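Undergrad: Take this structure first; my questions come after.
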Amino acid sequence: MPSESQVVVRPARGVRGSARLPGDKSISHRYAMLAGIAEGVSRIENYSTGADCASTLACMRSLGVRWEKKDNLIEIHGRGPGLSAPSGPLDCGNSGSTMRMLSGIVAGQKFTSELIGDASLSRRPMERIIRPLTEMGANIESQQGRPPLRIHGGALKAVDYKMPVASAQVKSCVLLAGLFAEGETRVGEPLRTRDHTEVALRAFGVTIERKGNETRIRGGSPLHGIEARIPGDISTAAFFLGAAALFPGSQLLLPGLLMNPTRARLLDILMQMGLQIAVTQLEETHGEMVGTIQAQGDQWNGGVISGADSAALIDEIPVLAAIAPYSAHGIEIRDARELRVKESDRIAAVAANLRRMGAQVEEREDGLKIPGNQQLRGADIDSHGDHRIAMAFAIAALRATGETVIHGADSAAISYPAFFPTLEDLVQR
Ligand code: S3P
């Protein structure tokens, strides 16, 4: 992702309006992969517009899956469990989800795959998936635990794997490999992580059991194509909700948004911190909850995010941290060490950019402590090529004095290409 692109964000005086967001990124990846290994055609509406989810679709095409896009609908022609050997490397771009989850699928194929990524993805830890997949019988070459990965797939055997880190990508990788393994695969997680893989597998016809912190899957179950509409991305909504939180009296309507309980903890935390939120029109679609959010800005108080909440809000912490200085009591983030191995070191990136805006910040190994009641000034922000850093600081810029320049703003396209125009539509000046 070239990082020369710049966007100037001017201060605003409020947020008002409505936005219907593209499909959730996490669910889009899973539907594309599962539809590819299912029997029959899947029709997926509102697939994420982000570049990451396009990487997943491109990889599926390289593995012999045919798909066509018509307006807001993608038709995916499932091949069943046997994919075809790719003629070149599978390019996962910036997407950790693509690389980690697809590894589980190609580990069960009768050919060798090479998975590559951009500079950021090439720095990210893959040992966490190499270990369980190797235990299942795959043979994986890596660059000391980092991409590129060469996965020599083949017959797999079930494992009983206890994950050392709370990661939905790792859980998903093992469960997907479990589909191709002989016997029952079990994955235990230290903290509850997003369960879209489990929900999606059920929607495609696979039996999944959950006992306590453990998820179980039997190898060999066939998948059947589905027709589904993907609910709006709640992690993208977090930026606009963050903007609404900054302005008393702001009004924001977000229809058709994902409300899965393993993701919606964000709403509880925002409410505890002072944003008023009402959820209406709650319904279920293919096991996923979807609803309409009405948010109203009030007092922005701040608070603490720690323990299981840090794992549940891992993608939303950058925006909460970026707007922490404007809160009455500050925001403290603990137990969020995983932020250091995302698309950038998000703890360091948030701290450095907040300091550029004149804020006082305490950076810790596993989080940040950001005092409240601080007025920030517009500054030059380095996105580090990380979509969530670029978008988080565009929100922080709305209450700063003077203009803020987001460098590497085009990285927003990784999850939401229309982020800046949508933000312009919603803010009042
Ligand atoms: C995701 C899981 C999380 C999250 C990522 C998407 C997923 O990563 O940060 O953006 O779709 O499963 P980890 O599994 O590494 O925590």
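Undergrad: Within segment 39-46, is there a residue that is at pLDDT 95 or above, within 24 Å of Ile293 (Cα to Cα) and not charged (D, E, K, R)?
TA: The initial filter retains those residues of segment 39-46 that are at pLDDT 95 or above, namely 39-46.
Still in the list and also within 24 Å of Ile293 (Cα to Cα): 44-46.
In the following step, the residues that additionally are not charged (D, E, K, R) were identified as 44, 46.
Looking for residues that are at pLDDT 95 or above, within 24 Å of Ile293 (Cα to Cα) and not charged (D, E, K, R), one finds at least one in segment 39-46, hence yes.
Undergrad: Name the single residue that is nearest to Arg128 (Cα to Cα) among those in segment 321-348 being away from the ligand (no atom under 16 Å from the Cβ) and not aliphatic (A, V, I, L, M). Explain how you work it out, then say what you get.
TA: Here is the first cut: in segment 321-348, the ones away from the ligand (no atom under 16 Å from the Cβ) are 322-332, 334, 348.
Next, only the ones that are not aliphatic (A, V, I, L, M) stay: 325-327, 329-330, 332, 334.
Numbers: Pro325: 35, Tyr326: 37, Ser327: 36, His329: 37, Gly330: 34, Glu332: 28, Arg334: 22 Å.
For segment 321-348, the residue satisfying everything is Arg334.
Undergrad: Here is a follow-up. Could you look through segment 26-85, keep only residues that are part of a strand (DSSP E or B) and charged (D, E, K, R), and pick out the one that is farthest from Phe204 (Cα to Cα)? Lay out the reasoning, then the answer.
TA: Step one: filter segment 26-85 for residues part of a strand (DSSP E or B), giving 39, 41-45, 66-70, 73-77.
Keeping just the survivors that are charged (D, E, K, R) gives 39, 43, 45, 66, 68-70, 75.
On the way: Glu39: 9, Arg43: 12, Glu45: 16, Arg66: 18, Glu68: 20, Lys69: 20, Lys70: 22, Glu75: 15 Å.
Here the answer is Lys70.
Undergrad: So, of the residues in segment 116-134 that are under 21 Å from Ser411 (Cβ atoms) and not in a helix (DSSP H, G or I), which turns out to be most open to solvent (accessible area, probe 1.4 Å)?
TA: Step one: filter segment 116-134 for residues under 21 Å from Ser411 (Cβ atoms), giving 116-125.
Subset that is not in a helix (DSSP H, G or I): 116-118, 123-125.
Numbers: Ile116: 49, Gly117: 23, Asp118: 40, Arg123: 147, Arg124: 12, Pro125: 25 Å².
Taking the candidates together, the pick is Arg123.
Undergrad: Pairs, please: C-beta under 8 Å, at least 6 apart or cross-chain, first residue among the acidic types (Asp, Glu) and in segment 149-176, second open to solvent by less than 10 Å² (accessible area, probe 1.4 Å) and more than 16 Å from the ligand (Cβ to nearest atom)?
TA: Asp160/Thr185
Undergrad: Take the residues in segment 300-336 that are outside any helix (DSSP H, G or I) and closer than 16 Å to Phe247 by Cβ, then tell me which one is nearest to the chain's Cα centre (by Cα).
TA: Quick first cut of segment 300-336, residues outside any helix (DSSP H, G or I) only: 300-307, 313-316, 323, 327-336.
From the residues that got through so far, the ones that are closer than 16 Å to Phe247 by Cβ too are 300-302, 323, 327-328.
On the way: Trp300: 25, Asn301: 26, Gly302: 23, Ile323: 20, Ser327: 25, Ala328: 29 Å.
Applying the filter and picking the extreme gives Ile323.
Undergrad: Filter segment 86-99 for residues that are in a loop (DSSP other than H, G, I, E, B) and more than 18 Å from Gln143 (Cα to Cα); which is most open to solvent (accessible area, probe 1.4 Å)? Break it down into steps so the answer makes sense when it comes.
TA: Of the residues in segment 86-99, the ones in a loop (DSSP other than H, G, I, E, B) are 86-89, 92-95.
Among the residues that remain, those that are also more than 18 Å from Gln143 (Cα to Cα) are: 86-88.
Numbers: Pro86: 22, Ser87: 131, Gly88: 33 Å².
Within segment 86-99, the match that is most open to solvent (accessible area, probe 1.4 Å) is Ser87.
Undergrad: If a residue has to be within 17 Å of Thr98 (Cβ to Cβ) and touching a Leu at 6+ places or on another chain (Cβ under 9 Å) to count, how many in segment 9-27 make the cut?
TA: Selection size over segment 9-27: 4.
Undergrad: Could you say which residue among Gly402, Gly372, Gly378, Gly408 is in contact with a strand residue (DSSP E or B) (Cβ under 8 Å, 6 or more places away or on another chain), under 30 Å from His29 (Cβ atoms), in contact (Cβ under 8 Å) with a residue 40 or more places away in the chain and open to solvent by less than 50 Å² (accessible area, probe 1.4 Å)?
TA: Details: Gly402 fails: under 30 Å from His29 (Cβ atoms); Gly372 fails: under 30 Å from His29 (Cβ atoms); Gly378 fails: under 30 Å from His29 (Cβ atoms).
Within the list Gly402, Gly372, Gly378, Gly408, the selection yields Gly408.
Undergrad: Tell me, yes or no, whether segment 234-242 has at least one residue that is in a loop (DSSP other than H, G, I, E, B) and either more than 22 Å from the chain's Cα centre (by Cα) or not hydroxyl-bearing (Ser, Thr, Tyr) (or both).
TA: Taking segment 234-242 first, the residues in a loop (DSSP other than H, G, I, E, B) are none.
The answer is no; no qualifying residue exists.
Undergrad: Could you list all residues from segment 4-25 that are in a loop (DSSP other than H, G, I, E, B) and not hydrophobic (A, V, I, L, M, F, W, C)?
TA: Taking segment 4-25 and keeping what is in a loop (DSSP other than H, G, I, E, B), we get 4-5, 10-13, 19-22, 24.
Within segment 4-25, Glu4, Ser5, Arg10, Pro11, Arg13, Arg20, Pro22, Asp24 qualify.
Undergrad: Being in a loop (DSSP other than H, G, I, E, B) and of a type in the set (Val, Ile, Thr) is the filter here; which residues of segment 102-115 pass it? I'd like the intermediate steps shown before the answer.
TA: Kept after step one, since they are in a loop (DSSP other than H, G, I, E, B), are these residues of segment 102-115: 107-111.
Listed by number, the list is empty, since nothing qualifies.
Undergrad: Going through segment 135-152 one residue at a time, which ones are closer than 23 Å to Gly183 by Cβ and open to solvent by 40 Å² or more (accessible area, probe 1.4 Å)?
TA: Just the residues of segment 135-152 that are closer than 23 Å to Gly183 by Cβ, to begin with: 135-140, 151-152.
Within segment 135-152, Glu135, Gly137, Asn139, His152 meet the criteria.
Undergrad: Further question: Which one of Glu189, Glu209, Glu227, Glu182 is of a type in the set (D, E, K, R) and either touching an Asp or Glu at 6+ places or on another chain (Cβ under 7 Å) or buried (at least 18 other Cβ atoms within 10 Å of the Cβ) (or both)? Before the answer, list the steps.
TA: Numbers: Glu209 fails: either touching an Asp or Glu at 6+ places or on another chain (Cβ under 7 Å) or buried (at least 18 other Cβ atoms within 10 Å of the Cβ) (or both); Glu227 fails: either touching an Asp or Glu at 6+ places or on another chain (Cβ under 7 Å) or buried (at least 18 other Cβ atoms within 10 Å of the Cβ) (or both); Glu182 fails: either touching an Asp or Glu at 6+ places or on another chain (Cβ under 7 Å) or buried (at least 18 other Cβ atoms within 10 Å of the Cβ) (or both).
Glu189 is the lone residue from the list that is of a type in the set (D, E, K, R) and either touching an Asp or Glu at 6+ places or on another chain (Cβ under 7 Å) or buried (at least 18 other Cβ atoms within 10 Å of the Cβ) (or both).
Undergrad: Identify, please: which residue in segment 188-199 is more than 11 Å from the ligand (Cβ to nearest atom) and touching a residue at least 40 places away in the same chain (Cβ under 8 Å) and is, among those, farthest from Gln109 (Cα to Cα)?
TA: Once the filter is applied, the top-ranked residue is Arg192.
Undergrad: Further question on the same structure: Among Leu83, Leu102, which is open to solvent by less than 10 Å² (accessible area, probe 1.4 Å) and within 23 Å of Thr134 (Cα to Cα)? Break it down into steps so the answer makes sense when it comes.
TA: Values: Leu83 fails: open to solvent by less than 10 Å² (accessible area, probe 1.4 Å).
Going through Leu83, Leu102 in turn, the sole match is Leu102.
Undergrad: Which ones in segment 287-320 are within 16 Å of the ligand (Cβ to nearest atom) and open to solvent by 50 Å² or more (accessible area, probe 1.4 Å)?
TA: Ala308
Undergrad: Starting from residues that are away from the ligand (no atom under 12 Å from the Cβ) and in contact with a Pro (Cβ under 9 Å, 6 or more places away or on another chain), keep the ones in segment 153-178 and report whichever is most open to solvent (accessible area, probe 1.4 Å). Show your work before the answer.
TA: Of all residues in segment 153-178, those away from the ligand (no atom under 12 Å from the Cβ) come to 153-162, 164, 177-178.
After this cut, where a residue has to be in contact with a Pro (Cβ under 9 Å, 6 or more places away or on another chain) as well, the list is 159, 161-162, 164, 177.
Numbers: Val159: 11, Tyr161: 18, Lys162: 124, Pro164: 96, Ala177: 0 Å².
Per the criteria, the residue is Lys162.
Undergrad: Let me ask something else about it. Inside segment 213-224, can you point out the residues that are surrounded by fewer than 23 Cβ atoms within 10 Å (Cβ to Cβ) and either at pLDDT below 95 or not in a strand (DSSP E or B) (or both)?
TA: Once the filter is applied, which keeps residues that are surrounded by fewer than 23 Cβ atoms within 10 Å (Cβ to Cβ) and either at pLDDT below 95 or not in a strand (DSSP E or B) (or both), segment 213-224 yields Asn213, Gly219, Gly220, Ser221, Pro222.
The values are calculated or read from the model by the stated rules, or taken from the named source; none is laboratory data. Source: prediction; values computed, not measured. Quick reminder, even Gly has a Cβ in these numbers, built from the backbone with ideal geometry, and neighbours come from all protein chains shown. Note: areas computed on protein heavy atoms with side chains; ligands, DNA, RNA excluded. Shrake-Rupley method; radii C 1.70, N 1.55, O 1.52, S 1.80 Å.
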